[in-house]
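Before any comments, here is the structure.
The values are calculated or read from the model by the stated rules, or taken from the named source; none is laboratory data. Source: prediction; values computed, not measured. Quick reminder, even Gly has a Cβ in these numbers, built from the backbone with ideal geometry, and neighbours come from all protein chains shown. Heavy atoms of the whole protein, side chains included, go into the accessibility calculation; ligands, DNA and RNA do not. Shrake-Rupley method; radii C 1.70, N 1.55, O 1.52, S 1.80 Å.
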Amino acid sequence: MNRRRFLASAGVAGASILAGCGSVENQSTRSPPLVENRPDATYYPTHKEGMKMIGVGDAGDYKVGLTYSYPHRFWTVTGTTAEQVTIQDDDSVHLMASVWDPDTMTVLPIQSGVSITVSSDGETVADKQPWPMVSQNMGFHYGDNYRLDGEGVYEMTVRVDGMTERRLGGFADRFGDAGEMTTNFEFSRSARDDIAFTEYPDQQGSRAALDLMEMEMMPTSQVPAPDDLPGELLGTGKGSDEVYAATWLSEAPFLDSGQSYLAVSVRTPYNRVPLPMMSIDGAVDIGGETAYDDSLSAAVHPDIGYHYGAVVEATGDPSVTVETVGPSQVSRHEGYETAFLGTPTIEF
């Protein structure tokens, strides 16, 4: 397999960019000290922060949910390096946007991104793209710390750009256009400070993860269990703590005669949260001959979820090698920042 050059700058901006500003004196010191000697894997974090709903609405083909919590520390990723973004003294809230398909309730990671504009009395308070990120209890979302100009009512506009990922099945003719959702948010420090905040002094650092949070108006960002993937499951493998599940589709409406489809679903352990924005190569051998040797494209399908795949111009029983050229470039909340940073090669 020819290893392609991985451009660490693709998909996510450099880690030197700070995560916005806001206004919250007590929260900058509330997060407990990080676990010493953290494992290079998923681990139980020092604490869990809850979240509250701001609003849910349609944004073109998309459904968007906007929530908030305390300002968070988190880590951006550039290449194979994670760098911490600390809470600033004037951070007010951590805003989180989730995007999904309203028909199948499939959460949609989008490479082209999301932007959140915050306005008050017709004046823009903040306008930036939040980071794509994963959290143990909040799953995949777009989040960042934001500065607000004190208590009061704000207008929040979430813009979702059109997907550049391959869309398959029932998603084939959808999500190509951008959409916007606007909602109002009444911010008060007392309401924010009522959000649940739980520490785990006895469990922190152990090889485990928080459960995904369930919210009545929003889906959880999980991909199917390996046995529930369509097609023939070729197997599962573990990389740098992430789990790879490969499936081989010999029949599908989007395939022509003589074609097959290789889908590789990469997810977190424990909660099956998809890990988007990776750079992956795949090689397929059928009957001793190479049927495919190239990159795998990011794609979404109603029954597979977010994955990396390729149409193969051959049929039969495959031997598959998957080579991770670049790990997931999504930012991470505590408990994920030391995991999923390797470039493993896995054979099925």
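Here's the yes/no breakdown for (1) part of a strand (DSSP E or B); (2) in contact with a Phe, Trp or Tyr (Cβ under 8 Å, 6 or more places away or on another chain):
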| site | (1), (2) |
| --- | --- |
| P39 | no, no |
| T42 | no, yes |
| E83 | yes, yes |
| M105 | no, no |
| Y142 | yes, yes |
| N145 | yes, no |
| Y154 | yes, yes |
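Quick one: which residue in D303, D294, D281 is open to solvent by 20 Å² or more (accessible area, probe 1.4 Å), acidic (D, E), more than 27 Å from D144 (Cα to Cα) and assigned to a strand (DSSP E or B)? Break it down stepwise before answering.
On the way: D303 fails: assigned to a strand (DSSP E or B); D281 fails: open to solvent by 20 Å² or more (accessible area, probe 1.4 Å).
Of D303, D294, D281, the one residue that is open to solvent by 20 Å² or more (accessible area, probe 1.4 Å), acidic (D, E), more than 27 Å from D144 (Cα to Cα) and assigned to a strand (DSSP E or B) is D294.
Residues in the range 157-168 that are buried (at least 16 other Cβ atoms within 10 Å of the Cβ) and under 16 Å from S297 (Cα atoms): M163, E165, R166, R167, L168. Looking only at residues in the range 184-205 that are assigned to a loop (DSSP other than H, G, I, E, B) and surrounded by fewer than 13 Cβ atoms within 10 Å (Cβ to Cβ), the one that is nearest to the chain's Cα centre (by Cα) is A196.
Restricting the first member to the range 89-102 and to residues that are part of a loop (DSSP other than H, G, I, E, B), and the second to residues that are among the polar types (S, T, N, Q) and buried (at least 24 other Cβ atoms within 10 Å of the Cβ), the beta-carbon pairs closer than 6 Å and six or more apart or on different chains are D91/N145. Evaluation of S98 against the conditions (1) open to solvent by 20 Å² or more (accessible area, probe 1.4 Å); (2) closer than 28 Å to L210 by Cα shows that the sole unmet condition is (1). Of the residues that make up the range 99-118, is at least one closer than 27 Å to Y200 by Cα, of a type in the set (S, T, N, Q) and at pLDDT 95 or above? Within the range 99-118, none of the residues are closer than 27 Å to Y200 by Cα, of a type in the set (S, T, N, Q) and at pLDDT 95 or above.
If you check Y70, Y44, Y62, which single one turns out to be among the aromatic types (F, W, Y), touching a residue at least 40 places away in the same chain (Cβ under 8 Å) and open to solvent by 10 Å² or more (accessible area, probe 1.4 Å)?
Y44
Which number in (1) open to solvent by less than 10 Å² (accessible area, probe 1.4 Å); (2) touching a strand residue (DSSP E or B) at 6+ places or on another chain (Cβ under 6 Å) marks the one condition that I110 misses? If we test I110 against (1) open to solvent by less than 10 Å² (accessible area, probe 1.4 Å); (2) touching a strand residue (DSSP E or B) at 6+ places or on another chain (Cβ under 6 Å), just (2) comes out false.
Let's see how each residue does on (1) in contact (Cβ under 8 Å) with a residue 12 or more places away in the chain; (2) over 30 Å from T78 (Cα atoms); (3) touching a Pro at 6+ places or on another chain (Cβ under 8 Å); (4) open to solvent by 20 Å² or more (accessible area, probe 1.4 Å):
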site	(1), (2), (3), (4)
P224	yes, no, no, yes
L234	yes, yes, yes, yes
D256	no, yes, no, yes
R267	yes, no, yes, no
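Within the range 113-154, the set of residues being open to solvent by 30 Å² or more (accessible area, probe 1.4 Å), within 30 Å of A209 (Cβ to Cβ) and either in contact with a Pro (Cβ under 9 Å, 6 or more places away or on another chain) or without any contact (Cβ under 8 Å) to a residue 40 or more places away in the chain (or both) comprises just one member, Q129. If A209 satisfies all but one of (1) out of contact with any Asp or Glu (no Cβ under 9 Å at 6 or more places or on another chain); (2) loosely packed, with under 14 Cβ neighbours inside 10 Å; (3) small (G, A, S), what's the number of the condition it fails? Every condition holds for A209 apart from (2).
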